[in-house]
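Visitor: One structure, pasted below without further comment.
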Amino acid sequence: MEALCARILERHRDSVRVQKPHVAVANLVRIIDATLTLSNKQGFHATSLRDLAEASGLSMGGLYSYFDNKTMLLSMILGEVSTTVSEVLCAAPDEVMANPFNHLRWLIEAHIRLTEAMQPWFVFAYMEAKAFPSVERRKAVDSEAATEEVFATVLRRGVETGAFRAIDVDLTASLIKPLLQDWYVKRSKYRRRNISLDAYLTGVIAFVEAGLRPVPASL
């Protein structure tokens, strides 16, 4: 959480009015943690700044030192989720990218492990999306489309090189996305079934690959 909030501070340095970085980051941790916790209980739209002040232990004036309104706070959180996803998915090693199957496996694992590490952030972005103001909702839609395009690019290359069977690339990328989301959205379901993160990863990768392998030519 601290590293993520340090990145938020770096991106919003001009608008955050607290000068000492260690103080600013520590308070952002309290603010973001309170926001994610309260939103999970009662929804972001129903959460007031007074609720946030009480839950974070900061005064109303203290909150306004970091953002002018809830929309700006929302933008901070969504921006960090979107930026982190983009950075992680674009960091595949060259040797992994050389093989479409390996690259696709790497992307699936990287995305699901990221959502495991940032689960409250991703749940917030997913569950609150319908209530976002129009600009933030557009950003969320664009972020999801960008993630799908990362997968579509690998799928397209796999089809072109013959590694994957002929498929509708964009449709397949959009069908993979819910498999990535299910782990953090329906965590309790998998916990009840004693399905671990590694087991879920193995299952998703096997399921996706089964639909991509070329059909052997008839003898």
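Visitor: Taking only the range 60-85 into account, find how many residues are within 10 Å of the chain's Cα centre (by Cα) and either over 26 Å from Ala34 (Cβ atoms) or of a type in the set (D, E, K, R) (or both).
Guide: Of the residues in the range 60-85, 1 are within 10 Å of the chain's Cα centre (by Cα) and either over 26 Å from Ala34 (Cβ atoms) or of a type in the set (D, E, K, R) (or both).
Visitor: Let me ask something else about it. Quick check on my filter: what residues within the range 194-219 are without any contact (Cβ under 8 Å) to a residue 60 or more places away in the chain, surrounded by 10 or more Cβ atoms within 10 Å (Cβ to Cβ) and assigned to a loop (DSSP other than H, G, I, E, B)?
Guide: Those that are without any contact (Cβ under 8 Å) to a residue 60 or more places away in the chain, surrounded by 10 or more Cβ atoms within 10 Å (Cβ to Cβ) and assigned to a loop (DSSP other than H, G, I, E, B): Ile195, Ser196, Gly211, Arg213, Pro214.
Visitor: Next up: Go through the residues of the range 129-136 one by one and say whether even a single one is at pLDDT below 95 and under 14 Å from the mean Cα position of the chain (by Cα).
Guide: Yes, some residue in the range 129-136 is at pLDDT below 95 and under 14 Å from the mean Cα position of the chain (by Cα).
Visitor: Let me ask something additional. Across the range 60-74, what is the number of residues that are surrounded by 20 or more Cβ atoms within 10 Å (Cβ to Cβ) and touching a residue at least 60 places away in the same chain (Cβ under 8 Å)?
Guide: Qualifying residue count, the range 60-74: 1.
Visitor: Please find, among Phe124, Phe44, Phe132, the residue that is touching an Asp or Glu at 6+ places or on another chain (Cβ under 6 Å) and surrounded by 13 or more Cβ atoms within 10 Å (Cβ to Cβ).
Guide: From the options Phe124, Phe44, Phe132, the qualifying one is Phe44.
Visitor: All but one of (1) modelled with pLDDT under 95; (2) within 16 Å of the chain's Cα centre (by Cα); (3) among the basic types (Lys, Arg) hold for Arg13, so report the exception by its number.
Guide: Among (1) modelled with pLDDT under 95; (2) within 16 Å of the chain's Cα centre (by Cα); (3) among the basic types (Lys, Arg), Arg13 violates only (2).
Okay, residues lined up against (1) within 18 Å of Ala131 (Cα to Cα); (2) out of contact with any Leu (no Cβ under 8 Å at 6 or more places or on another chain); (3) among the β-branched types (Val, Ile, Thr); (4) surrounded by 15 or more Cβ atoms within 10 Å (Cβ to Cβ):
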site: Ser15; (1), (2), (3), (4): no, yes, no, no
site: Lys20; (1), (2), (3), (4): no, yes, no, no
site: Ser39; (1), (2), (3), (4): yes, yes, no, yes
site: Glu54; (1), (2), (3), (4): no, yes, no, no
site: Glu80; (1), (2), (3), (4): no, no, no, yes
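Visitor: Right, Thr153: surrounded by 12 or more Cβ atoms within 10 Å (Cβ to Cβ) and of a type in the set (S, T, N, Q) or not?
Guide: yes
Visitor: Looking at (1) touching a Phe, Trp or Tyr at 6+ places or on another chain (Cβ under 7 Å); (2) part of a helix (DSSP H, G or I); (3) under 22 Å from Val208 (Cα atoms), which one does Ala92 not meet, given that it meets all the others?
Guide: Of everything listed in (1) touching a Phe, Trp or Tyr at 6+ places or on another chain (Cβ under 7 Å); (2) part of a helix (DSSP H, G or I); (3) under 22 Å from Val208 (Cα atoms), Ala92 misses just condition (2).
Visitor: A further question on this structure: Those residues that are of a type in the set (D, E, K, R), under 17 Å from Glu80 (Cβ atoms) and in a helix (DSSP H, G or I), I need them from the range 14-68; list them, please.
Guide: Listed by number, the residues that qualify are Arg30, Asp33.
The values are calculated or read from the model by the stated rules, or taken from the named source; none is laboratory data. Bear in mind the structure is a predicted one, so any value in this text is a computation, not a measurement. Ideal geometry is used to build each Cβ from the backbone, glycine not excepted, and the neighbour counts take in all protein chains shown.
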